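Notes to accompany the following structure.
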Amino acid sequence: MNIILLGPPGAGKGTQARHLEEKYGLVQLSTGDMLRASIKRAEPLGLEAKKIMDKGELVPDDLIVRMIESRIGRPDCEKGFILDGFPRTVIQAEALDKMLADKNQKLDMVVELKVNEDLLVERVSGRFTCSRCGEGYHDKFCATQVPGICDKCGGGEFTRRADDNAETMKARLGAYNSQTAPILPYYESKGILKSVDGMLSMPEVFHELEKVLGVAPSCGCSCGCSCE
Ligand code: AMP
């Protein structure tokens, strides 16, 4: 299954994609993570992108499309993938259709995570990630059980994204509304767009996602939500 998670910064795309990856073996493809890895390796591409990312603007389409094209061509994507943070413009969406058609593949579904804008700045401002295993946390909504220790792997080092601040967030939201939101009608016209309420708790959003993807457990679940 090949799916896209769409939504503004802070909607929970990365968190949900990681859980889908763990549970269903789909590969999470996050263009933001790829760019941050490139910055960490001090590659020319990453260093060029960093200036743009720090301003909350979008990296040029051709660069992003080349990056995702080489990643989608790798064998681990044959089982299916979850795109998180790509496409972000209609040009990228069209390029994705073409690259998948060239590989005799297609998109199965695009899921929009709908979140009220007021909540996004708060969500983004408090988030941090375990440097060792990548588990995501939040100062207010989802802190570690023992302060300073990752619940999942026991690691003691965490990172916060340079662009997760109120000022850059304004630009990122602006970019989402003007450049990324127009993708929604593009996929709606293809009949593959669904939406999920991203304001619910993390396990509830995951369960709603499983339902729209048609993979939800059929008899109850352990996530604490009100599933039928
Ligand atoms: P994200 O981790 O998805 O929030 O992305 C962080 C930043 O990386 C964005 O604000 C953009 O500057 C850049 N970026 C990530 N994905 C894309 C994309 N598909 N197109 C353009 N820029 C991107």
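I'm checking my understanding of the structure. Among residues of the stretch 119-174 that are more than 17 Å from the chain's Cα centre (by Cα) and of a type in the set (Lys, Arg), which one is nearest to residue 21 (Cα to Cα)?
Here the residue is 152.
What number goes with the only condition from (1) in contact with a Leu (Cβ under 8 Å, 6 or more places away or on another chain); (2) within 13 Å of the ligand (Cβ to nearest atom) that residue 32 does not pass?
Residue 32 satisfies every listed condition except (1).
Of everything in the stretch 86-106, what is out of contact with any Lys or Arg (no Cβ under 8 Å at 6 or more places or on another chain) and more than 14 Å from the ligand (Cβ to nearest atom)? Give them in sequence order. Walk me through how you get there before you give the answer.
Of the stretch 86-106, the ones out of contact with any Lys or Arg (no Cβ under 8 Å at 6 or more places or on another chain) are 86-99, 101-106.
97, 98, 101, 102, 103, 104, 105, 106, listed by residue number.
Quick one: which of 14, 7 is under 30 Å from residue 216 (Cβ atoms), at pLDDT below 95 and small (Gly, Ala, Ser)? Write out each step before concluding.
Details: 7 fails: at pLDDT below 95.
On inspection, the qualifying residue turns out to be 14.
Considering only residues of the stretch 111-126 that are within 16 Å of residue 13 (Cβ to Cβ) and touching a helix residue (DSSP H, G or I) at 6+ places or on another chain (Cβ under 9 Å), which is surrounded by the fewest Cβ atoms within 10 Å (Cβ to Cβ)?
Residue satisfying both the conditions and the ranking: 117.
Determine whether residue 124 is within 22 Å of residue 7 (Cα to Cα) and not acidic (Asp, Glu). Steps first, please.
Numbers: within 22 Å of residue 7 (Cα to Cα): yes; not acidic (Asp, Glu): yes.
Yes.
Mind listing whichever residues of the stretch 4-45 are polar (S, T, N, Q) and more than 18 Å from residue 133 (Cβ to Cβ)?
Applying the first criterion (polar (S, T, N, Q)) to the stretch 4-45 yields 15-16, 28, 30-31, 38.
Those that are polar (S, T, N, Q) and more than 18 Å from residue 133 (Cβ to Cβ): 31, 38.
Counting only residues that are more than 8 Å from the ligand (Cβ to nearest atom) and touching a helix residue (DSSP H, G or I) at 6+ places or on another chain (Cβ under 6 Å), which one in the stretch 44-54 is farthest from residue 168 (Cα to Cα)? Break it down into steps so the answer makes sense when it comes.
Going residue by residue through the stretch 44-54, those that are more than 8 Å from the ligand (Cβ to nearest atom) are 44-48, 50-51, 54.
Still in the list and also touching a helix residue (DSSP H, G or I) at 6+ places or on another chain (Cβ under 6 Å): 45-46, 50.
On the way: 45: 21, 46: 18, 50: 13 Å.
The selected residue is 45.
Taking the condition of being polar (S, T, N, Q) and assigned to a strand (DSSP E or B), how many residues in the stretch 25-56 meet it? Steps first, answer last, please.
Kept after step one, since they are polar (S, T, N, Q), are these residues of the stretch 25-56: 28, 30-31, 38.
Then drop every residue that is not assigned to a strand (DSSP E or B), which leaves 28, 30.
So the answer is 2.
Across the stretch 55-76, what is the number of residues that are more than 9 Å from the ligand (Cβ to nearest atom) and either over 25 Å from residue 100 (Cβ atoms) or in contact (Cβ under 8 Å) with a residue 24 or more places away in the chain (or both)? Steps first, please.
Residues of the stretch 55-76 more than 9 Å from the ligand (Cβ to nearest atom): 62, 66, 69-76.
Checking which are either over 25 Å from residue 100 (Cβ atoms) or in contact (Cβ under 8 Å) with a residue 24 or more places away in the chain (or both) leaves us with 69, 71-73, 76.
Of the residues in the stretch 55-76, 5 are more than 9 Å from the ligand (Cβ to nearest atom) and either over 25 Å from residue 100 (Cβ atoms) or in contact (Cβ under 8 Å) with a residue 24 or more places away in the chain (or both).
The values are calculated or read from the model by the stated rules, or taken from the named source; none is laboratory data. Source: prediction; values computed, not measured. As a convention, Cβ positions derive from the backbone with ideal geometry for all residues, glycine included, and neighbour counts pool all protein chains shown.
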